[in-house]
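Colleague: Mind having a look at this structure? Questions to follow.
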Amino acid sequence: MRDFKPYLDWIDQRHDTMCQLVIEWANINSHSYNLAGLSDFLTCLRTAFSALEGEMEDIALDPHQVINARGEPEEISLGRMLFVRKRPSAPIQVLLGIHLDTVYPADHPFQRVIRIDDRRLQGPGVADAKGGLVILLTALNAFERSPLAKNIGWEVFLNPDEEIGSPGSAPVLTQRAKRYHLGLLFESGLMNGNLVSERQGTGDYTVVVRGRSAHVGRDPYRGRNAAHALARFIIGANALQDERNDIIVNVAQLSSNGAVNVVPDFAVGRIGVRIARRDDQQTVQQHLEQLIAKLEITEGVSATLHGGIRKPPKVLDTITTNLLENFRICGASLGLALEWHPTAGASDGNILAAAGLPTVDSLGARGGDTHSPREFLEVDSLTERAKLVALFLMKLAAGELVFSPTQSYR
Ligand SMILES: [Zn+2]
């Protein structure tokens, strides 16, 4: 512990700087579709991360493919994704990352950070995930000051589209995950500071139904009612949740065209799905496809299913448990009693884990009320988490942890 102390003390001295940086960064609007805001934020980050003296690269992402209100495919441009890489030939390779985007659009009333009291900051993205971004940067800065840094190579990824399901960055992450032995993600931790062990898988589907319009009074049987067909689909989709208590089907949006005296020839529905088991990805997909096929026969409409499970469930395996236990050891030497629990929301940790990378994905700040105009951050967690991650990296580099990642993780 003695060898690590100067670097941990350095983090303690950074408390005010870390708070300042969170305020500065959270005051920049970086909603997933605010390309100007994301670009301004990326400029700040390039400057901040240049202190690490790694190799920087920012890449364009494929646009987000969505189905619009008319049931047609549409592309929405995404922000750029930043990478910083150092020592790619060191024996242990770690991938660290967090998203840049927030859920608050540029015209949302929640735009500025305020200090609630000595313990808390309130503002857009302070916990999810700009606090985590500051923790990542500070932990790596401390680690780079230590001579042990030579034993670990790392890459930082900062993606601009996590809050909309990582449509552009997911394939990039899946591909890059293969270069690394372990992943550290800086999503906010649980309120009591504990880590996340497992996460649900999430998906979204859009159903587009096209029927035939007709006069309701004169010719009702010549029509093919798209709204009626969509209603049948929704009831069938919900049956999955009724049968299985570990699958959630959330009917989010339903709409159709026409007046009440016209048989509607168009309807669109959107549903969200959450699953706990990896093989349920297939169960859900097949169930929905069968419903679509049945609609075409029984309702005489044409129906199309778009979407899928975007983030498979993150399940706790032996290697990840081992990784969490090492974080518990590091936490104990800092006076933290760390436990881990499953949580509902998905993160990019789901994507990295599905690509075979053991990942701890809740190393960001303690905070709460995320995705709401009451979002807050507990400021003491900034140095606390940065020290936890820096200590983990130093112990890993010193060979003090009870595993050898090069053997057990790849
Ligand atoms: Zn979020």
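Values quoted throughout were computed directly from the atomic coordinates according to the rules given, and no laboratory measurement underlies them. Computed from a predicted model, the values in this text were never measured in an experiment. Positions of Cβ are backbone-derived with ideal geometry, glycine not excepted, and every protein chain shown enters the neighbour counts.
Colleague: Quick one: LYS294, LYS150, fewest Cβ neighbours within 10 Å first, how do they rank?
Modeller: In order of increasing Cβ crowding within 10 Å: LYS150, LYS294.
Colleague: Here is a follow-up. Quick one: divide the alpha-carbon radius of gyration of the chain by 2.2 N^0.38 Å and tell me what you get.
Modeller: 1.10
Colleague: If one takes the longest principal axis of the Cα atoms in the chain, at what angle in degrees, from 0 to 90 and to the nearest 10, does the Cα axis of helix 35-49 lie?
Modeller: Helix 35-49 sits at roughly 20 degrees to that axis.
Colleague: Out of all DSSP beta bridges with both ends in the chain, state the antiparallel percent to the nearest 5.
Modeller: Just about 75 percent of them are antiparallel.
Colleague: Can you give the angle from 0 to 90° between the axis of helix 380-398 and the longest principal axis of the chain, with both taken from C-alpha atoms, to the nearest 10?
Modeller: 70 degrees
Colleague: If packing is taken as the average number of other Cβ atoms within 10 Å across a peptide's residues, how do 226-236, 353-363, 334-344 rank, most packed first?
Modeller: 353-363, 226-236, 334-344
Colleague: Determine which lysines satisfy two conditions relative to LYS130: a Cα distance under 24 Å, and not lying fewer than 8 residues away in the same chain.
Modeller: LYS86, LYS311, LYS314, LYS387
Colleague: Please arrange MET56, MET81, MET191 by counting, for each residue, the other beta carbons lying within 10 Å of its beta carbon, fewest first.
Modeller: MET191, MET56, MET81
Colleague: For region 201-311, count the residues as N, evaluate 2.2 N^0.38 Å, and divide the Cα radius of gyration by that value, please.
Modeller: After normalising by residue count via 2.2 N^0.38 Å, the value is 1.13.
Colleague: On to the next question. List the trypsin sites (Lys or Arg not before Pro) within region 344-396 that DSSP assigns to loop and that have no more than 16 neighbouring Cβ atoms inside 10 Å.
Modeller: ARG374
Colleague: Then there's this: Among CYS330, CYS44, CYS19, determine the one that fluctuates most according to a GNM of the chain built with springs between C-alpha atoms less than 10 Å apart.
Modeller: CYS44
Colleague: In degrees, nearest 10, range 0 to 90: what is the angle between the Cα axis of helix 318-333 and the longest Cα principal axis of the chain?
Modeller: The angle comes out near 40 degrees.
Colleague: Have a look at GLY307, GLY132, GLY349 and tell me which one the Gaussian network model of the chain (Cα, springs below 10 Å) gives the largest fluctuation.
Modeller: GLY307
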